[in-house]
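Presented below is the structure to which this report refers.
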Amino acid sequence: MSAVVKLSNVHKSFGSLQVLNGVSFDVNRGEVVAIIGQSGSGKSTALRCINALETIEQGSIEVCGHQIHSPALDKRALRLDVGIVFQSYNLFPHLTAEQNVMLAPTCVRKLGKKEARDLAQDCLARVGLAEKAGHYPEQLSGGQQQRVAIARSLAMQPKVMLFDEVTSALDPQLTGEVLKVMEDLAKGGMTMILVTHEMGFARKVASNVIYMRNGKVWETLPGHELNNPQTAELREFIGHDL
Amino acid sequence: MPSFGLGHVEFLLIAALWTLALSAIAFLGGGVLGFLIALARVSDSKLLRGLAGAYVQIVQGTPLLILLFLIYFGLAIVGFDQLPALIAAGAGLVIYSSGFLGEIWRGCIESVPKTQWEAAECLAMTRWQRMTRVILPQALRIATAPTVGFLVQIIKNTSLASVVGFVELSQAGKLINNSTFEPFRVFITVAIIYFIICYPLSAWSRGLERRLNVGRR
Amino acid sequence: MTYQFDFSSLLPYWQEFAQGVWLTLQLSAISTVLGFVGGALCAIARADGPPWLQRIVGAYVEVIRNTPLLVQIFIVYFGIAVMGIRIDANVAAVLALVVNVIAYTCEIMRAGLESVHKAQVEAADCLGLSKAQTYWHVVLRPAIERVYPALVSQYVLLMLASSITSQISAEELTAVANRIQSDTFRSFETYIVVGLLYLALSFVVRAAFWAFGMLVFTRRRKLGTPL
């Protein structure tokens, strides 16, 4: 099986602060990889590097055949293959849920209005929000906004989806509905990389869990074995959380 | 035809002093009147609020040029047709400034949080004490930047005083241009003098605003 | 002394007043549209353009904002004439007003652009939108919505300031008034009428902008948030 996402020896620093210190891992088609770790461990930065939101200083990243580290990278082509969902949703406030989902398909994939609307309806239905199509973001709860953001990403029919702490800003009750949508996506065979604090979710859904510490991959283990960490640091980290 | 020379520049600089004098009159007079307008706008009396509001609407909804014409001809009607042009120009600019400054300051007074009023009220302060001891000192801090910014508007707008025959910087430029017909040289010199007066004030206002925003964060 | 007000001698001139109102509206409308487009482009250039362009736009804005409109009008009108180009006073008026209002619009729009969060641009970028598409669909509308009240005030001021173009004998309401008062010797009455006409115009222009805003900013309309 070939890797869809491949990081080798990635280095990245902000000023004098070394955030990524030789990170390497592979993600295969259809896998769900959860990245966990303390804040400041570099997990969000790693995710942002995969989508070329940050530039790396050393090493290489390949995503769906795009060489992220190359100066010749076609960012727009990359973004047709990779979807990302942010912690703060970042929905466009002046557009309705449906318009948020339709925007990129009409602008970037050049779909017709009708086609795009059908697609938007379909994507909103997949996140359980078909009936909220005409609502503006501020009329929706945090959980609903985040599900619209997922639908917006889905509408581009990406090959890989990135989730950057998508439930961190949500109340516990609202977290569940978002995780449910993500679980359905995983079952549908979507390749997913998620940075998360939800250990239960990681254990249940992730094919692999990557524990990052001090800008390095500290330990990698299958999701269902998250209860049996090999390193003392991960044991301690999980102990805090479970 | 005489060409634009040093003598003309001297004439312009003297006229610039009149621009400054007229600006000072407009700012001070407009400030006093505007302060009363601002107080009336936030007063308890509905009538006072309404009157002050109408005044602001009228002043802000009429061109300064028309205001100046009205005062000029209005003064003549009541028998003051021998008054120096400075009076008509000054009166027009005072009214104009009061309308805008009143509204700017009302905004500043109202931007002091309501809880401050309540806190002062709970300390059994009178309305006057609340205003002068609690609200105005805070409003003053907020008001400085937009007030300095409006001063620039006043200085620029004194250029319209020429329509009632007052020779300030712009009118002086026009007079020189009539005899030399070198509009680029003349009016660009005039513009430079305005810029030298206004730019430091604009920069100061912007600096004040930035400092205020930092302080609020 | 008592002054006998006489508005009746102005009655025969009602058509000219109406014509003046119409001319002022035209002058303001053209200047507003051109000024808005130019100002928005300047704001984008200032926020996102190459450094040399940012500096030029910045200097332009400062020069215009720190010199009187009247002097700008003189420079445009007499300047063009002295270059040997015959130019209609109204064209010079529009030119000067546009040059002026672009600078003010640029400054207002800059604040608007800054108010749109960086994360919005990033999200659009991640959806594969080009820079132009991002500006058009994601940045400009919320930015304009945010500063719309400031823009409206600016354009009402522009309409009032267009009266200054009467100083180069451009054809508009104030110029019409100047002519009528010298015909009738009813100066005070004439300017009262014209003052009221401007007052009415400023209400009408404000109302028109409000209606336009309601039409364009659908979210505001639906959610009932005031403009």
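The values are calculated or read from the model by the stated rules, or taken from the named source; none is laboratory data. Values in this document were obtained by computation on a predicted structure and should not be read as measured data. Backbone-built Cβ (ideal geometry, glycine too); neighbour counts: all protein chains shown. These area figures cover heavy atoms from the full protein model, side chains too; ligands, DNA and RNA do not enter into them. Shrake-Rupley method; radii C 1.70, N 1.55, O 1.52, S 1.80 Å.
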Legend entry - Filter result (open to solvent by less than 50 Å² (accessible area, probe 1.4 Å) and either β-branched (Val, Ile, Thr) or without any contact (Cβ under 8 Å) to a residue 60 or more places away in the chain (or both)) within segment C:64-77: C:ILE64, C:ASN66, C:THR67, C:PRO68, C:VAL71, C:GLN72, C:ILE73, C:ILE75, C:VAL76
Inset, instruction - Working carefully through the options B:PHE73, B:PHE35, B:PHE4, B:PHE69, find the one that is more than 12 Å from the chain's Cα centre (by Cα) and open to solvent by 70 Å² or more (accessible area, probe 1.4 Å). - result: B:PHE35
Legend entry - Among residues of segment A:44-54, those that are within 14 Å of chain C (Cβ to nearest Cβ) and either in a strand (DSSP E or B) or of a type in the set (A, V, I, L, M, F, W, C) (or both), counted: 5
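Can you say whether B:PHE73 is of a type outside the set (Ser, Thr, Tyr), within 22 Å of C:LEU199 (Cβ to Cβ) and either within 12 Å of chain C (Cβ to nearest Cβ) or not in a loop (DSSP other than H, G, I, E, B) (or both), as far as the supplied structure shows?
Numbers: of a type outside the set (Ser, Thr, Tyr): yes; within 22 Å of C:LEU199 (Cβ to Cβ): yes; either within 12 Å of chain C (Cβ to nearest Cβ) or not in a loop (DSSP other than H, G, I, E, B) (or both): yes.
When the stated conditions are applied, B:PHE73 passes them.
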Inset, instruction - Say whether the condition of being at pLDDT 90 or above, of a type in the set (Val, Ile, Thr) and surrounded by fewer than 21 Cβ atoms within 10 Å (Cβ to Cβ) is met by at least one residue in segment A:164-176. - result: yes
Legend entry - The lone exception for A:SER41 - which of (1) closer than 21 Å to A:VAL181 by Cβ; (2) open to solvent by less than 10 Å² (accessible area, probe 1.4 Å); (3) not in a helix (DSSP H, G or I) it fails: (1)
Inset, instruction - Please give the number of the condition C:ARG186 fails out of (1) buried (at least 23 other Cβ atoms within 10 Å of the Cβ); (2) within 11 Å of chain B (Cβ to nearest Cβ). - result: (1)
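Given the residues C:ALA81, C:ALA96, which is the only one that is open to solvent by less than 10 Å² (accessible area, probe 1.4 Å) and within 12 Å of chain B (Cβ to nearest Cβ)?
Numbers: C:ALA81 fails: open to solvent by less than 10 Å² (accessible area, probe 1.4 Å).
None of the others qualify; the one that does is C:ALA96.
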Inset, instruction - Out of the residues in segment B:164-179 that are at pLDDT 90 or above and closer than 15 Å to B:ILE87 by Cβ, state the one that is least open to solvent (accessible area, probe 1.4 Å). - result: B:GLU168
Inset, instruction - Could you please find all residues in segment B:76-95 being within 12 Å of chain C (Cβ to nearest Cβ), part of a helix (DSSP H, G or I) and farther than 21 Å from C:ILE164 by Cβ? - result: B:ALA76, B:ILE77
Legend entry - Test: residue in segment A:111-129 that is in contact (Cβ under 8 Å) with a residue 40 or more places away in the chain, of a type in the set (Gly, Ala, Ser) and either touching a strand residue (DSSP E or B) at 6+ places or on another chain (Cβ under 9 Å) or within 9 Å of chain C (Cβ to nearest Cβ) (or both): no
Inset, instruction - Could you tell me which numbered condition C:ARG219 fails, if it satisfies all but one of (1) more than 14 Å from chain B (Cβ to nearest Cβ); (2) more than 17 Å from C:ALA18 (Cβ to Cβ); (3) open to solvent by 60 Å² or more (accessible area, probe 1.4 Å)? - result: (3)
Legend entry - Selection count, segment C:159-178, where residues are more than 11 Å from chain B (Cβ to nearest Cβ) and either of a type in the set (Val, Ile, Thr) or more than 15 Å from C:GLN26 (Cα to Cα) (or both): 2
Inset, instruction - Sort through C:SER182, C:SER162, C:SER166 and tell me the only one that's assigned to a helix (DSSP H, G or I) and within 13 Å of the chain's Cα centre (by Cα). - result: C:SER162
Inset, instruction - Select from segment C:18-63 the residues that are surrounded by 15 or more Cβ atoms within 10 Å (Cβ to Cβ) and outside any helix (DSSP H, G or I) and list them in ascending order. - result: C:GLY49
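Any idea how many residues of segment C:116-158 are assigned to a helix (DSSP H, G or I), more than 7 Å from every other protein chain (Cβ to nearest Cβ) and not small (Gly, Ala, Ser)?
Step one: filter segment C:116-158 for residues assigned to a helix (DSSP H, G or I), giving C:118-126, C:131-158.
If we keep only those that are more than 7 Å from every other protein chain (Cβ to nearest Cβ) as well, we get C:118, C:121, C:124-125, C:131-132, C:134-136, C:139-140, C:143-144, C:146-158.
Now restrict to residues that are not small (Gly, Ala, Ser): C:118, C:121, C:125, C:131, C:134-136, C:139-140, C:144, C:146-149, C:151-152, C:154-158.
Summing the residues that are assigned to a helix (DSSP H, G or I), more than 7 Å from every other protein chain (Cβ to nearest Cβ) and not small (Gly, Ala, Ser) in segment C:116-158 gives 21.
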Inset, instruction - Please verify whether segment A:136-150 includes one or more residues that are touching a residue at least 12 places away in the same chain (Cβ under 8 Å), open to solvent by less than 50 Å² (accessible area, probe 1.4 Å), closer than 30 Å to A:ARG76 by Cβ and of a type in the set (Phe, Trp, Tyr). - result: yes
Inset, instruction - Output the residue which, of all residues in segment C:99-129 that are open to solvent by 30 Å² or more (accessible area, probe 1.4 Å) and without any contact (Cβ under 8 Å) to a residue 40 or more places away in the chain, is nearest to C:ILE75 (Cα to Cα). - result: C:VAL99
Legend entry - Positions within segment C:194-227 being β-branched (Val, Ile, Thr) and over 23 Å from the mean Cα position of the chain (by Cα), in sequence order: C:THR218, C:THR225
Inset, instruction - Give the residue that is farthest from C:TYR60 (Cα to Cα), with candidates limited to residues of segment B:189-208 that are aromatic (Phe, Trp, Tyr) and open to solvent by 40 Å² or more (accessible area, probe 1.4 Å). - result: B:TRP204
Legend entry - Every residue from segment A:208-229 that is within 22 Å of A:SER8 (Cβ to Cβ) and either part of a loop (DSSP other than H, G, I, E, B) or of a type outside the set (A, V, I, L, M) (or both): A:ASN208, A:TYR211, A:ARG213, A:ASN214, A:GLY215, A:LYS216, A:TRP218, A:GLU219, A:THR220, A:PRO222
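Conditions (1) within 18 Å of A:MET161 (Cβ to Cβ); (2) modelled with pLDDT of 90 or more; (3) in a loop (DSSP other than H, G, I, E, B), marked per residue:
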residue	(1), (2), (3)
A:VAL10	no, yes, no
A:GLN18	no, yes, no
A:PHE25	yes, yes, no
A:ILE35	yes, yes, no
A:ILE56	no, yes, yes
A:GLU62	yes, yes, no
A:ARG76	yes, no, no
A:ASP118	no, yes, no
Inset, instruction - Among the residues of segment B:40-56, count how many are open to solvent by 20 Å² or more (accessible area, probe 1.4 Å), part of a helix (DSSP H, G or I) and either touching a Gly at 6+ places or on another chain (Cβ under 9 Å) or in contact (Cβ under 8 Å) with a residue 12 or more places away in the chain (or both). - result: 2
Legend entry - Single residue of B:VAL94, B:VAL78, B:VAL9, B:VAL59 found to be farther than 27 Å from B:VAL186 by Cα, surrounded by fewer than 18 Cβ atoms within 10 Å (Cβ to Cβ) and not aromatic (Phe, Trp, Tyr): B:VAL78
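If we keep just the residues of segment B:107-128 that are part of a helix (DSSP H, G or I) and touching a Leu at 6+ places or on another chain (Cβ under 9 Å), which is nearest to C:GLN154 (Cα to Cα)? Don't jump to the end; show me each part of the working.
First, the residues of segment B:107-128 that are part of a helix (DSSP H, G or I): B:107-110, B:114-122, B:127-128.
Cutting the leftovers down to touching a Leu at 6+ places or on another chain (Cβ under 9 Å) gives us B:108-109.
Numbers: B:CYS108: 20, B:ILE109: 23 Å.
Applying the filter and picking the extreme gives B:CYS108.
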Inset, instruction - Kindly indicate the residue of segment B:134-185 that is among the aliphatic types (A, V, I, L, M) and touching a Cys at 6+ places or on another chain (Cβ under 7 Å) and also farthest from the other protein chains (Cβ to nearest Cβ) among those meeting that condition. - result: B:ALA139
